[in-house]
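Participant: Just dropping this structure here.
The values are calculated or read from the model by the stated rules, or taken from the named source; none is laboratory data. Values in this document were obtained by computation on a predicted structure and should not be read as measured data. So basically every Cβ, Gly included, is an ideal-geometry build from the backbone, and we count neighbours across all protein chains shown. Each accessible area value is taken on the protein alone, full model and side chains, heavy atoms only, with ligands, DNA and RNA left out. Shrake-Rupley method; radii C 1.70, N 1.55, O 1.52, S 1.80 Å.
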Amino acid sequence: MALPVAEWQGRTARLWAALEPALRERLAAASLQDAVRLGCDVLRSKEEEEAALEQLCHRAPTGKKPEAASWYREQGNREFKRGRYQAALRLYSRAASHELPGSPEVSVCFANRSAALLHLGHFEVCLEDIARAESHGYPDRLLPKVLLRKAECLLCLGRLQDAQDFLRVLESKIALDGAMTTHLTRLKKLSQLKVKLGEKERCPEPAQGEHGGTQGEPEIWEENSSISGASSSLSLSFDAERGRHLVASQDIMAGQSLVKEEAFVSVLCPGESLALQDGDTAWDTRATNADLYCHRCLRQLLASVPCQGCSYAQYCSQDCADRAWQQYHRTECPLGALLLTLGVFCHVALRTVLLAGYAEVSRLVEGSHCGDKNLQNPEGSCRPLSEADAGAGSRGVPGCDSSGRYQSSYQALFHLLPHTEQHSPEHKFLCTLSVVALCKQLQAAGLEAAVLSQESPQQCSKPKTCEKTSEELSPELKTVAEAMLRHMLQLQCNAQAITVMQEMGPGDGAVVDKKPVRLATAFFPVLSLLNHSCCPNTSVSFSGTSVTVRAAQPISSGQEVLHCYGPHWCRMRVAERQQLLRQYFFKCRCPACLQELQSGVKSVVSIRNSFCCPKCRAQMQGEEDTLCCSIEACATSASRDHLSGRLQDLQQEIKKALELLRVGKADQAIKKLLKCRMDAETFLSPEHLMMGEMEDHLAQVYATVGKWQEAARHLRKSIEIVEMHHGPSSVETGHELFKLAQILFNGFAVSEALSTIQRAEGILSVHFGPQSAQMQELQEMKACLSELPRNILQRT
Ligand SMILES: [Zn+2]
Ligand SMILES: [Zn+2]
Ligand SMILES: [Zn+2]
Ligand SMILES: [Zn+2]
C-alpha cells in the first residue's frame, strides 16, 4: 500500500537484475540528481515498462462511470427499502461520485441520500443534500416529495416559523398543480406535518444542550518560542548519536500536551475495505477509506461532496473540495489511477512538492547540490553555519531557519534524513523509476504548467496533452522528480501513520467496539524530531490531520521525550522489534531492548503469551521445536508446530463467530465463542492475549442482546488480561474501561458505572486530553446517571 503494487515492484526488480553491472554500480552510488538522470535514461529505452504500468492502472480506475452510478443507486434503493439507511447512504454517495456534475442524475442521488439522512436523524445534513439536489437541477415532477422532506426536517430541527412558512408555500404549489390523485398521499403527509407543527407550537421542547456540554477545563498550553507547535517545556538538542531530539527543559506532568502540529502534508490511504453488504457483485460495494473520510481534512464523511473530475476523491464539504482542487487535486485528479498504482509514498511525495510550490522546491534542491557529497550528513545543507556557534541554542541545527527557529515548514521537511546511502540499491531504483514515470505522465498529460506555477485553476483546467510520452523530461520536472525521490526515501523513516479509532461492525449497538485503523500517511516535521523508544514516555493521538503528543507519565527536566514508532515492548518480542526497526536504520537501545537482549531475560510478551501443558496446565518451556512442561514431574512434551497450528485454527473459529454476530446470529456466536474458550483453556496460558480477546468478544455479543451483567462479567476478565499486558494506565486499558462503562451504564449498574467512568477518565484524559470525543461521552454518561431518581441510585 505504501509502496507501488507488487507487479510494478516485480518489473523494476527484474529490470534491475538485467542492467549492466557497471550501470548498476553507478546507480547504487548515484546522488539523487544523478539517480533521476539515469532513471530517465533507463525508462526512455524501455517503453514496454511504461506500457505495462499503464496496463496496471486499469485495475484502479478513478474515472466517473455513469453506468456504475445507476447500479450503485439501485443497490442503495434496495438497502433503503430494507431499512438499512446507513448502507443506503454510502451507496448513494458512491453513486453520486460516478455521476457527471450538474446532471439531473446526480441531483437524484442527493435527493435519495437526503431521505436516508432524514431516517438517520441527521436533519441539518439532510437540508444540505436537499439544497444540493435543487441546485443540480432536480426534476420538477419529483420536487414536491423532496420539499415535504425539507418541511419535515425544519420541523424536527425545531425551526417552527421556517417550517410553517415553507408548508404554506408548498400547499399552494401542490394545489396549483391540479393533478390531485398523484398528490393525494402527499397532501395527507402535508396535513400530518401540520398537525405535528401545531403540537410543537403548543408545547415547545426544552432547549437542548443544557447539560452534557464540555466542562473540561482548557488545557495549559504555551508554545515554544523556537520550535513551532512544541510546548515551551521542551528544547531542541542535537548530537551525533541521537541526531536532533527533544528534551524536557522542565518537569512535565502526565497528560500535559507537548506537541500540537498540523501535518505539512497527508494523503488518505485507500486502506482495507469494510463490508457494506454481503454477496459478490460486478461493482464493489464495500466501503473504503475514501468513502468514509474526507480526501483533504480526513474528517468522517456523512454526506460527501464528490470531486468534479473523478470518482475517487470525496470531501466533507464544498469548501474542502475547492481548497483541495486549488492546492493539489487539479494536478492529481487526472492521475488518480497511476497514484493508486504507485502507492501512498509516491503520492505523498507528489503532494509535498505541490504544496511547497516549485519556487521553494527548486531553491532547496539547488541548495542541496552544493553539499550532495555528504547527503547522509544532516549538515549537508548549502547554508554555511557561518555563526559557528553550534553550542548556542538550536542555531545551526539542520532544518532551522537563520534565526534558529524550527518550523513545521517545507524547509524543515526537506532536511529530514533521506538516508540515501543506506537504502538498498533495488529500493532506490524502484523509487526512482516510479517517480520518473509519474513525472513523465505529468508532462504527457499537460500538467507541467500546473506543477511549476501558481496559475489559477481556470487556466489549468484544460491541459494541453502532448503527443509523445517518450519525450525527455524538462529540466524543471527533473528538479521536481529529484525532490520527490528524496521525499519517497525520507518516508521510509519519517512517514507518520495517522490512525483513528474506527467503529467496527454495524455501528448500531449500544456498546461501540472501536479498533485503531490506519487512515493516512503524513509528514509532521516537528513530530519527526522525536526519537523512538519501545517503552515511550509519550502518547500520540490524532484529530483530522493534526497530531497531539502528550506525556504518558511524568517526565523530569533533562529527560529525552520519546515516542514509539510502532514496535512497542508490550506487543512484540525484542527480535521482532529490532527487525521492524531496521527500516529506520538504527538499533534500538531503549531500556526494554537492552534488558531483553541480555540473555536470560524473557520478554513479557513471551512469558504471558505462552502455551500451557495440556495435562497439568503449567507453562510450556523451550526455545526449540519441542516444548516441555515446566513441571519436571509432569514430563509432557508437545511440538511447537502442533501448538501453533491449534492457535491458528482457534483464530479461524473466532473469526467465524464474529461473522455470525455480524449477520445477527448472536446466540450461535455466543455458543461458538464459549466453545473456542474451552478449547483455548487446554493449550493457552490464562494470561494469553487471545484469552482476553475472546472475553472481549463475548462481552460484545452479550451486549448486543442486552445481557448487560454477563457482558460486564466477561469484560472485567478481558480488562484483567489487557492490564497485565499493557499496564493499568495504558491506552488499551482505557479503551476497555470505556467499554465497561458503557455496558454498566446500559445495565443501570449506577455506582459501578460511576467508578468505572472515573477510572476511564483518569486514563483517557492523559492520552487524549480532556476535550476528546471519548471524554465528552463519559461526561455525558456521568451527567445522565447523576440525574437518575434517588431510589434507583440506592437500589444499586
Ligand atoms: Zn474535509
Ligand atoms: Zn478528482
Ligand atoms: Zn527498544
Ligand atoms: Zn504438565
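Participant: State which entries of LYS150/LYS515; LYS64/LYS478; LYS675/LYS707; LYS65/LYS478 exceed 25 angstrom in Cα-Cα distance in the structure shown.
Facilitator: Exceeds cut-off: LYS150/LYS515; LYS64/LYS478; LYS65/LYS478.
Participant: May I pose another question? Could you pull out every residue, at least 5 positions away or on a different chain, whose amide H is within less than 5 Å of the one on ARG296? Hs are placed 1.01 Å off N in the peptide plane, and Pro or chain starts have none.
Facilitator: Here CYS316 satisfy the definition.
Participant: So between SER31 and LEU15, what do we pick up on full extension, going 0.36 nm a residue minus the alpha carbon distance?
Facilitator: Extra length available between SER31 and LEU15 comes to 3.8 nm.
Participant: Between ALA60 and MET678, with labels modelled 7 Å along Cα→Cβ, what's the label distance in nm to one decimal, could you check?
Facilitator: Using points 7 Å along Cα→Cβ, the separation is 4.8 nm.
Participant: Output ³J(HN,Hα) for segment 536-550: one whole-Hz value per residue in order, computed from phi by the Karplus curve 6.51 cos²θ - 1.76 cosθ + 1.60 with θ = phi - 60°, and x for Gly and Pro.
Facilitator: Per residue, the Karplus-derived 3J(HN,Hα) values read x, 9, 10, 9, 10, 9, 10, 9, x, 9, 10, 10, 10, 10, 10 Hz.
Participant: Additional query: When the Karplus curve 6.51 cos²θ - 1.76 cosθ + 1.60 is applied with θ = phi - 60°, which whole-Hz ³J(HN,Hα) does each residue of segment 612-618 get, with x for Gly and Pro?
Facilitator: Using θ = phi - 60°, the values come out as 10, 5, x, 8, 10, 6, 6 Hz.
Participant: If you don't mind, there's one more thing I want to ask. In debye to the nearest 20, how big a dipole does segment 31-132 give about its Cα centre with +1 on each Lys and Arg Cβ and -1 on each Asp and Glu Cβ?
Facilitator: 640
Participant: Shape of segment 536-691 from its Cα gyration tensor (a ≥ b ≥ c, root eigenvalues): rounded if a/c is under 1.5, otherwise prolate when a/b > b/c, or oblate?
Facilitator: Oblate, since a/c reaches 1.5 and b/c is not below a/b.
Participant: If I take R0 = 22 Å and measure r between the Cβ atoms of SER70 and LEU143 in this structure, what FRET efficiency does the formula 1/(1 + (r/R0)^6) give, to the nearest 0.05?
Facilitator: For R0 = 22 Å, the calculated efficiency reads 0.60.
Participant: Just how much of GLU503 is accessible, in Å², when a 1.4 Å probe is used and the result is rounded to the nearest 10?
Facilitator: Its accessible surface works out to 80 Å², give or take rounding.
Participant: In whole angstrom, note down how far apart the Cα centers of segment 555-581 and segment 756-788 are.
Facilitator: 29
Participant: Also, I was wondering about something else. On a full-extension model of 0.36 nm per residue, what is the gain between GLN553 and GLU720, subtracting their alpha-carbon distance, rounded to one decimal in nm?
Facilitator: 58.0 nm
Participant: Separate question: How much of PHE768 can a 1.4 Å solvent probe reach, expressed as accessible area in Å² and rounded to 10?
Facilitator: Looks like 50 Å² after rounding.
Participant: Each residue of segment 153-159 in order: what ³J(HN,Hα) in whole Hz does its phi give by Karplus 6.51 cos²θ - 1.76 cosθ + 1.60, θ = phi - 60°, with x for Gly and Pro?
Facilitator: Rounded to whole hertz, the list is 4, 4, 4, 5, 7, x, 8.
Participant: Please tell me the relative contact order of segment 638-704 in percent, rounded to the nearest whole number, where contacts are Cα pairs under 8 Å and at least six residues apart.
Facilitator: Value for segment 638-704: 33 percent.
Participant: Additional query: Distance in nm between label sites at ALA52 and ARG640, each 7 Å beyond Cα in the beta-carbon direction?
Facilitator: 3.8
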